[in-house]
1. Taking the condition of being at pLDDT 65 or above and exposed (fewer than 14 other Cβ atoms within 10 Å of the Cβ), how many residues in region 139-188 meet it?
2. Return yes or no: is Y276 surrounded by 14 or more Cβ atoms within 10 Å (Cβ to Cβ), touching a Lys or Arg at 6+ places or on another chain (Cβ under 6 Å) and not in a helix (DSSP H, G or I)?
3. For region 291-375, which fully contained strands (runs of 3 or more DSSP E) count at least 3 residues that are touching a Lys or Arg at 6+ places or on another chain (Cβ under 8 Å) and β-branched (V, I, T)?
4. Residues that are of a type in the set (K, R), under 25 Å from the mean Cα position of the chain (by Cα) and more than 29 Å from K427 (Cα to Cα): does region 364-381 have at least one?
5. Give region 293-304 a look and list any residue that's surrounded by fewer than 23 Cβ atoms within 10 Å (Cβ to Cβ) and within 12 Å of G191 (Cβ to Cβ), or say none.
6. Identify all residues within region 409-457 that are at pLDDT 90 or above, of a type outside the set (D, E, K, R) and assigned to a loop (DSSP other than H, G, I, E, B); write none if there are none.
7. Inside region 116-126, can you point out the residues that are free of Cβ contacts under 8 Å to residues at least 60 places away in the same chain and in a helix (DSSP H, G or I)?
Amino acid sequence: MKKKSILLLSFLLILSFIYLNRIFSTSNHYVNTFESFKALAENTNIDVLFFGSSHAYTAFNPLIIDKESKTVSFNLGSDALRVPFTDLIIEEALKKTNPELIVIEIYPPSIPGPENDLIKGYQLRALDMISNFSLKKQEKIERFYTNKELAGVYFPLIRNHNKWNEMKYFKLSRKENFNENTTFFNNGYIGFNTVIDSLGRSKFNGFKEIIAYPEHKKTKIDETGKRDIVELIRVAKSQGSQVLVVSSPDLRAKFDWSESFLDDLKNICEQQEINYLNLNNHYNEMGLNIIDFRDPSHLNIQGAIKTSKYLSSYINKNYKLKDRSSEPIWDSMNKIYIGFNERNKTASFQKQLKFNFIKEIQLKMIEMKILNNKLNAKIYIDKTNYSKRENKKYSISLKIFPYNIDELSDYSKSRNWDFDKVDIKLKDKDSILNFQLNSKIKEVKQLELFLFNSEQYKGVVGEKLVLKNIEFQ
């Protein structure tokens, strides 16, 4: 009887530990990703799989890939996922599906192991999807984590033991709840409709004009890194899949990346008889603009649409994949694509001008796009003869007037304005100014652009540009 009681108690303790281990798991979007992946893999074979960091899951949209390449694809990218851990995720994925093509995203920070607590923490999002009984997982953990960290790495209960008061003990799901107004999630892709801030736009505005990588950057891939990449490719090829290595668009690339690193990566891929595609060499072909980035290292929804279309074209030219477009699974995903496309289509306006705000500042062109209650405007100005000393005191104001005043923002209504507006400071280095305006206006009755003294507003300085009945295409 005593022995049975001990066995029962041991059994209950084990169940309790398993239950609490799940409860104490961190809620994050990779749970959404992996559960969605398993559900799709149970329903059909997946033709194209994407792996890598957040650079992968914000750049490659399976809806676009599937539409353009007639495939079924999924994005298994995870935050800051390093190359030494990516083969574990590929091995886990290959237990559930047999892809024709595996696309692996790699850029300079992908190669070394996690170098600080934050990056180590990010690896756990992916590692939690791998069984603790995996010998390969144990080897990787022992390689990069200290003995003091091991218990926390393996067991979320120990990792998050100080969060007893924060846990919801009857909520088993660890999925993240997305804000549908700002975020789009589908098949592992996470898209954001935000645009890089003014500081980032100012710093990287000439990113397409820089054609070479910095000469002073001579960082190469060390021997350990090369072995990790070769092992990653070997695992990706292990079930007969074709493999493509890519580097995602990153505004920092032509400023900070090492050409020696990129040459090493290209050489490794050639030796392994696979293709390497650095998308940072194809900005113009993709049609990427500064406002296609969410921040310096990640694309927003519009940037991902452009990048995914370009990558689809590359895949179509270089790989022969099965056409899935006649299958019910493809038709159901295409219906999601139609809804996504309708939600994220842009309306644009462009006009060439030769208008002087003042003698020294001439407006040459204005471009505008409306998307998801945001108006993005770009104006091109010539201020060749403008004094830098005077530069600090001027700003440019953009006002848009709707046909329907109900479309005005709440802020404009609270001020009893009949327009929405945004101002931007004039800087001596700027010849292209980017405005972003949160606005529900769909049709613009009138647009006004003018210069004013931002130190002491005394009305319009010089001439005001007025354009009426703006027609967006």
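The values are calculated or read from the model by the stated rules, or taken from the named source; none is laboratory data. Just so it is clear, the structure is predicted and the values come from calculations on it, not from any experiment. Cβ: placed from backbone, ideal geometry, glycine included. Neighbour counts: every protein chain shown.
1. 13
2. When the stated conditions are applied, Y276 passes them.
3. Correct list: 361-371.
4. Looking through region 364-381, none of the residues is of a type in the set (K, R), under 25 Å from the mean Cα position of the chain (by Cα) and more than 29 Å from K427 (Cα to Cα).
5. Listed by number, the residues that qualify are R294, N300.
6. Result: N416, W417, F419.
7. D117, L118, I119, K120, G121, Y122, Q123
Conditions tested, residue by residue: (1) closer than 30 Å to I46 by Cβ; (2) in contact with a strand residue (DSSP E or B) (Cβ under 6 Å, 6 or more places away or on another chain); (3) without any contact (Cβ under 8 Å) to a residue 24 or more places away in the chain; (4) assigned to a strand (DSSP E or B).
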site: I196; (1), (2), (3), (4): no, yes, no, no
site: G206; (1), (2), (3), (4): no, no, yes, no
site: K218; (1), (2), (3), (4): no, no, no, no
site: E231; (1), (2), (3), (4): yes, no, no, no
site: Q239; (1), (2), (3), (4): yes, no, no, no
site: V245; (1), (2), (3), (4): yes, yes, no, yes
site: K266; (1), (2), (3), (4): yes, yes, yes, no
